[in-house]
Amino acid sequence: MKKGFAVMTVLALAVLFVGCNKSESTSPVVTQESESPVVQETAPKYTVLVDSVLLDGSYWTLNDEGKMDWVQYLVPGVSVQAYATADPLLNPEYEMIKDAIRTTDGAKRNFYHVYCPEMREDYWVQEYSIVLNAYPAVIYCEEDGKVASLYKTPDLAATGNRNLDDFTIVAWINEEPDTLTYDHADKFAHVQIYDKKDGTITGYVRKSFMNTEEVMISYAQMDNKRKDKEQVKNYDVAVLEELYDSCGALANYMWR
């Protein structure tokens, strides 16, 4: 009896042992999966044309050697469109060539790529001559005795550091006024001018002195060209007289 009980006990332990082994062998093996890298989708970039203004200089073209060939002088105050690439979340990245060599003198300059609507042509212009994201305007004081001044800040309490003559061509920079810093910033235009002596100058002008009418800009362009020609010795008198007549005819049209 004891012998039979011992045999049964051994068999029971054997079954239990086998059952435990079977249970362990069929348990699922859990492995830690490696995280797949997160791929950030980038917004597609596209070509945009940004309204801009030319204040001085010339038009250039890019030749097969990667150098800039001179084409012709530009008219200050002309509207062009600067080539840029952008996406919905970023500011435009303007198409520029740095340190491009001018074939006229071998000098290196930075150039922007622009489209000129008036001539329906693509050109390159030097960095100093263009004001990006801007449109042309002229200074004009409608009341006698008033003079437009250029300010360093858009502040009514500020003192002007430079007076601007009537029909001075400026580039009106397209931006929101900083009313958080200056209470009356919305009364000023952020402008840039080009002075042949002092170069590029940026500041603020009261909006009441700004005029964006095409006829006013055209008159200012012709009048500035006439003044430039007066400084040239032995210039063709007939051409100068034609400029005088054109300015006079346009002035009569403007104030009739």
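Since every read-out is calculated from the coordinates, none of them should be taken as a lab result. In this text the structure is predicted, and so the values were computed from the model without any measurement. Here the Cβ is made from the backbone with ideal geometry for all residues, glycine too, and neighbour counts use every protein chain on show.
Just to confirm the filter: which trypsin sites (Lys or Arg not before Pro) across the stretch 108-193 are DSSP coil and have at most 14 other Cβ within 10 angstrom of their Cβ? Before the final figure, lay out the partial values.
Numbers: sites: Lys108, Arg109, Arg120, Lys146, Lys152, Arg162, Lys187; in loops: Arg120, Lys146, Lys152.
The qualifying sites are Arg120, Lys146, Lys152.
Using 0.36 nm per residue, how much length does the chain from Thr47 to Asp228 gain when fully extended, once their Cα-Cα distance is taken away? Write out the running numbers ahead of the final one.
On the way: separation 181, 0.36 × 181 = 65.16 nm, distance 3.74 nm.
Separation in residues times 0.36 nm, less the Cα-Cα distance, equals 61.4 nm.
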Which order results if His190, His184, His113 are arranged by neighbouring Cβ count within 10 Å, fewest first?
His184, His113, His190
Taking the number of other C-beta atoms within 10 Å as the exposure measure, put Ile97, Ile193 in order starting with the fewest.
Ile97, Ile193
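Scan the stretch 54-105 for GluC sites (Glu not before Pro) in coil per DSSP, keeping those whose Cβ has at most 15 other Cβ atoms within 10 Å, and list them by number. Before the final figure, lay out the partial values.
Values: sites: Glu65, Glu93, Glu95; in loops: Glu65, Glu95.
Filter output for the stretch 54-105: Glu65, Glu95.
What percent do you get for the relative contact order of the stretch 52-153 when only Cα pairs under 8 Å and 6+ apart count? Don't skip to the answer; put the middle values down first.
Numbers: 191 pairs, mean separation 29.4, N = 102.
Result for the stretch 52-153 is 29 percent.
Distance cut-off 27 Å, Cα to Cα: go down the list Lys146/Lys187; Lys146/Lys225; Lys98/Lys227; Lys152/Lys197 and report the pairs above it.
Working: Lys146/Lys187 17 Å; Lys146/Lys225 25 Å; Lys98/Lys227 33 Å; Lys152/Lys197 19 Å.
Check vs 27 Å cut-off fails for Lys98/Lys227.
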Based on the Cβ-Cβ distance from Thr212 to Met96, what FRET efficiency comes out when R0 is 41 Å, to the nearest 0.05?
0.90
